[in-house]
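Written below as structure tokens is the structure these notes are about.
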Number of protein chains: 6
Amino acid sequence: MTERREPTYVYSEEQVAEKSGIARHFIDTRTQLNRNVDQADNFLVKRFYNLDHNTYLEGALPAKYKELMGLVASACLRCDDCINYHIIQSYRLGVARAEQEEAINVALVVGGSIVIPHLRRAYALLAELYA
Amino acid sequence: MTERREPTYVYSEEQVAEKSGIARHFIDTRTQLNRNVDQADNFLVKRFYNLDHNTYLEGALPAKYKELMGLVASACLRCDDCINYHIIQSYRLGVARAEQEEAINVALVVGGSIVIPHLRRAYALLAELYA
Amino acid sequence: MTERREPTYVYSEEQVAEKSGIARHFIDTRTQLNRNVDQADNFLVKRFYNLDHNTYLEGALPAKYKELMGLVASACLRCDDCINYHIIQSYRLGVARAEQEEAINVALVVGGSIVIPHLRRAYALLAELYA
Amino acid sequence: MTERREPTYVYSEEQVAEKSGIARHFIDTRTQLNRNVDQADNFLVKRFYNLDHNTYLEGALPAKYKELMGLVASACLRCDDCINYHIIQSYRLGVARAEQEEAINVALVVGGSIVIPHLRRAYALLAELYA
Amino acid sequence: MTERREPTYVYSEEQVAEKSGIARHFIDTRTQLNRNVDQADNFLVKRFYNLDHNTYLEGALPAKYKELMGLVASACLRCDDCINYHIIQSYRLGVARAEQEEAINVALVVGGSIVIPHLRRAYALLAELYA
Amino acid sequence: MTERREPTYVYSEEQVAEKSGIARHFIDTRTQLNRNVDQADNFLVKRFYNLDHNTYLEGALPAKYKELMGLVASACLRCDDCINYHIIQSYRLGVARAEQEEAINVALVVGGSIVIPHLRRAYALLAELYA
């Protein structure tokens with residue numbers, strides 16, 4: 001069985017927020033909304049969050065590629081919040097901009113032109129993070 | 001054949017709007033946008049609206065469970081407006097918060113983590129309605 | 001916190017398979033394919049299966065309505081295997097045919113005519129189960 | 001208000017079935033499955049079928065372009081049965097093969113490479129119909 | 001092989017923006033976001049944009065019907081930006097409002113009530129363009 | 001700009017087909033169906049196929065991770081043919097079974113239980129390839 005362990009981040013969420021206004025807005029809104037979810041203390045939601053966390057740990061695949069896979073899934077399912085989240089996580093793990101772009105390209109070609117509006121917004125975040 | 005009839009609401013839309021700013025904003029925006037749709041007077045759109053209305057009437061299934069099914073469908077298809085609509089309708093029919101949360105859990109598990117950003121926003125509305 | 005517990009089934013899977021050839025084919029194929037999944041013994045897959053199981057237990061909502069919600073989600077996301085599974089589960093919990101049809105109607109109206117081919121196949125299973 | 005009327009078909013369903021084995025198999029299976037749906041006599045399903053029928057009548061847009069729009073919708077939502085249906089309907093209305101291909105191209109580019117397996121099967125039907 | 005050529009527009013993007021505030025906001029935001037994409041100069045993105053452009057040229061099908069097909073695809077895949085884009089393009093090619101409504105109806109019936117919030121916003125743009 | 005080049009395969013398609021009946025059936029069916037597509041010689045389809053091919057070349061990201069990203073996209077968009085294709089391609093590039101499983105886990109958690117029937121069929125192919 002593959003061992004799972006927390007990845008080592010190059011940057012903290014706070015450092016990302018200092019670098020990018022888009023990232024800060026996303027992180028702040030998520031934090032605020034998660035407060036309601038935490039207070040509700042729903043058993044299944046907590047278990048799902050935990051499962052979700054476990055999915056992206058270092059394992060048979062390096063964490064950085066799993067975050068990029070999360071980005072591909074988010075982009076082809078067209079969820080801006082999820083795209084922002086995985087771009088930020090990938091950035092925090094030291095992923096290069098060219099690697100992020102190639103992951104988004106997989107989503108663009110698999111998912112089609114309907115992905116383009118999300119790609120445009122993703123590039124706005126990439127531009128701030130990799131400035 | 002099952003008889004269909006209008007359900008009995010515990011709360012009016014106006015009472016919901018007084019209780020929750022998120023609900024008011026949703027209801028007001030929808031009302032304003034529906035004005036254009038009403039003016040256009042498109043035959044098929046009107047028939048679809050009518051069919052849609054009939055779907056959620058009391059029938060073989062109690063209306064409250066059909067609204068919760070509408071919530072599940074909306075959450076796993078990831079439409080914030082539709083989620084808000086069915087949460088409000090369920091609330092108006094006297095559905096308890098724990099019931100709304102369990103319906104959202106079905107959508108979360110069937111639909112995956114891509115549902116989470118919508119779940120967060122749904123919980124913000126639940127927090128206001130069930131305060 | 002809501003207590004969760006196993007629902008009481010009116011019929012076993014074997015009784016369902018005896019009643020319907022479509023159900024038997026579905027159950028047998030799933031059993032055979034699950035053998036590979038079980039042998040792989042993947043930690044996250046097992047946790048997801050467990051979470052999935054917990055979602056449909058008796059809780060704030062009766063299990064039968066949650067199975068019907070699973071049916072709505074499956075139909076509007078258009079997965080024949082999932083539709084078959086939730087129709088069978090609902091049947092095993094004593095859901096009436098008219099209730100199954102109304103749940104499918106919610107999925108039809110929310111999900112549109114693209115649901116119709118799945119509705120047709122669902123009705124073939126309903127016809128065998130409720131013969 | 002735009003008047004709606006039945007379109008004039010160049011070919012009957014039977015003529016299509018004589019030309020293409022794929023078409024015959026699709027039409028026969030649909031006929032057989034619709035028997036269950038007809039027997040169930042569900043009020044909302046019948047209304048939805050009726051609404052669906054009205055959508056593709058001659059109106060502000062010629063019926064042939066609406067069938068091709070149904071093809072585009074079916075292909076980007078990836079439903080083989082719906083794709084077959086709209087290809088056959090378009091063929092019956094005298095649509096040229098090059099027109100069908102261009103409609104499928106819109107779906108391919110909007111919907112991405114995930115459409116390709118459906119495009120392959122669509123081309124098998126086109127090859128038989130336009131042989 | 002079908003020849004492809006640029007369609008002849010009745011209105012420029014600027015004329016559309018003068019007529020509709022919604023259109024202007026959409027066009028301005030897209031222009032601003034595309035600047036990042038252009039600067040990134042990603043080879044595959046540029047090729048995809050080029051392919052996308054080619055899809056809607058005059059060909060076996062008149063460009064106006066292909067834009068309406070793009071609208072149908074966008075509406076049933078539920079992308080507001082894409083809906084706005086194809087409504088504007090169709091308008092620029094001289095498409096009548098009744099034709100746009102019928103295309104949206106195809107998406108509504110194929111895609112279901114989940115399309116309604118997008119239809120409402122589409123009608124707000126139609127109201128401004130065809131005022 | 002990142003250079004793109006063909007990846008080096010560890011196994012040929014023929015070797016994969018010899019190892020797995022599921023793979024052989026998939027490859028043979030695709031080859032047969034592609035014949036119609038090739039004969040049609042549609043300009044845009046050929047360009048899309050070419051773009052698709054370019055997406056998975058060695059580049060900023062190793063080809064093996066891009067094939068796994070294609071697998072994640074295919075699984076969360078729920079396309080069995082695409083899942084088979086990317087599992088086979090990943091296998092041909094020397095990807096370990098545990099890596100394939102982790103990629104599928106990302107799709108399972110992002111895409112939800114609706115992915116499970118596809119996961120089951122994917123594991124049947126994995127079992128044959130990695131026997």
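The values are calculated or read from the model by the stated rules, or taken from the named source; none is laboratory data. Since the structure is predicted, the reported quantities are computational estimates derived from the model, not experimental observations. Ideal geometry is used to build each Cβ from the backbone, glycine not excepted, and the neighbour counts take in all protein chains shown.
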* **Residues satisfying the stated conditions in the range C:95-113, i.e. of a type outside the set (A, V, I, L, M, F, W, C) and either more than 13 Å from C:Leu126 (Cα to Cα) or more than 16 Å from the chain's Cα centre (by Cα) (or both)** => C:Asn105, C:Gly111, C:Gly112, C:Ser113
* Asked: Under 7 Å by Cβ, and 6 or more places apart or on different chains, what pairs join a residue from the range A:30-48 that is facing chain B (nearest Cβ under 7 Å) with one that is among the small types (Gly, Ala, Ser)?
  -> A:Leu33/B:Ala124; A:Asn36/B:Ala124; A:Asn36/B:Ala127
* From F:Leu71, F:Leu51, F:Leu57, which residue is in contact with a Ser or Thr (Cβ under 8 Å, 6 or more places away or on another chain) and either without any contact (Cβ under 8 Å) to a residue 60 or more places away in the chain or at positive phi (or both)? -> F:Leu71
* Asked: Under the condition of being in contact with a Gly (Cβ under 8 Å, 6 or more places away or on another chain) and among the small types (Gly, Ala, Ser), which residue from the range C:53-94 is nearest to the other protein chains (Cβ to nearest Cβ)?
  -> C:Ala73
* Residues in the range B:20-32: is at least one surrounded by 16 or more Cβ atoms within 10 Å (Cβ to Cβ) and modelled with pLDDT under 95? -> no
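Okay, residues lined up against (1) farther than 29 Å from C:Arg47 by Cα; (2) surrounded by fewer than 21 Cβ atoms within 10 Å (Cβ to Cβ):
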{"position": "A:Asp38", "(1), (2)": "no, yes"}
{"position": "A:Asp41", "(1), (2)": "no, yes"}
{"position": "A:Leu57", "(1), (2)": "no, yes"}
{"position": "A:Leu71", "(1), (2)": "no, no"}
{"position": "A:Cys79", "(1), (2)": "no, no"}
{"position": "A:Gly94", "(1), (2)": "yes, yes"}
{"position": "A:Tyr130", "(1), (2)": "yes, yes"}
* Asked: Does the range A:43-55 hold any residues that are surrounded by fewer than 24 Cβ atoms within 10 Å (Cβ to Cβ) and either closer than 24 Å to C:Arg5 by Cα or within 13 Å of the chain's Cα centre (by Cα) (or both), and which are they?
  -> A:Phe43, A:Leu44, A:Val45, A:Lys46, A:Arg47, A:Tyr49, A:Asn50, A:Leu51, A:Asp52, A:His53, A:Thr55
* To do: Could you please find all residues in the range E:81-91 being touching a Pro at 6+ places or on another chain (Cβ under 9 Å) and either surrounded by 24 or more Cβ atoms within 10 Å (Cβ to Cβ) or touching a residue at least 40 places away in the same chain (Cβ under 8 Å) (or both)?
  => E:Asp81, E:Tyr85
* Wholly within the range B:1-64, helices (runs of 4 or more DSSP H) carrying at least 1 residues that are of a type in the set (Gly, Ala, Ser) -> B:13-19, B:21-40
* **Tally, over the range C:93-103, of residues that are in contact with an Asp or Glu (Cβ under 7 Å, 6 or more places away or on another chain) and assigned to a helix (DSSP H, G or I)** => 0
* **Check on E:Val106, within 14 Å of chain C (Cβ to nearest Cβ), surrounded by 24 or more Cβ atoms within 10 Å (Cβ to Cβ), in a helix (DSSP H, G or I) and in contact with a Lys or Arg (Cβ under 7 Å, 6 or more places away or on another chain)** => yes
* Asked: Does at least one position in the range E:111-119 carry a residue that is over 28 Å from A:Glu128 (Cβ atoms), assigned to a loop (DSSP other than H, G, I, E, B) and within 14 Å of chain C (Cβ to nearest Cβ)?
  -> yes
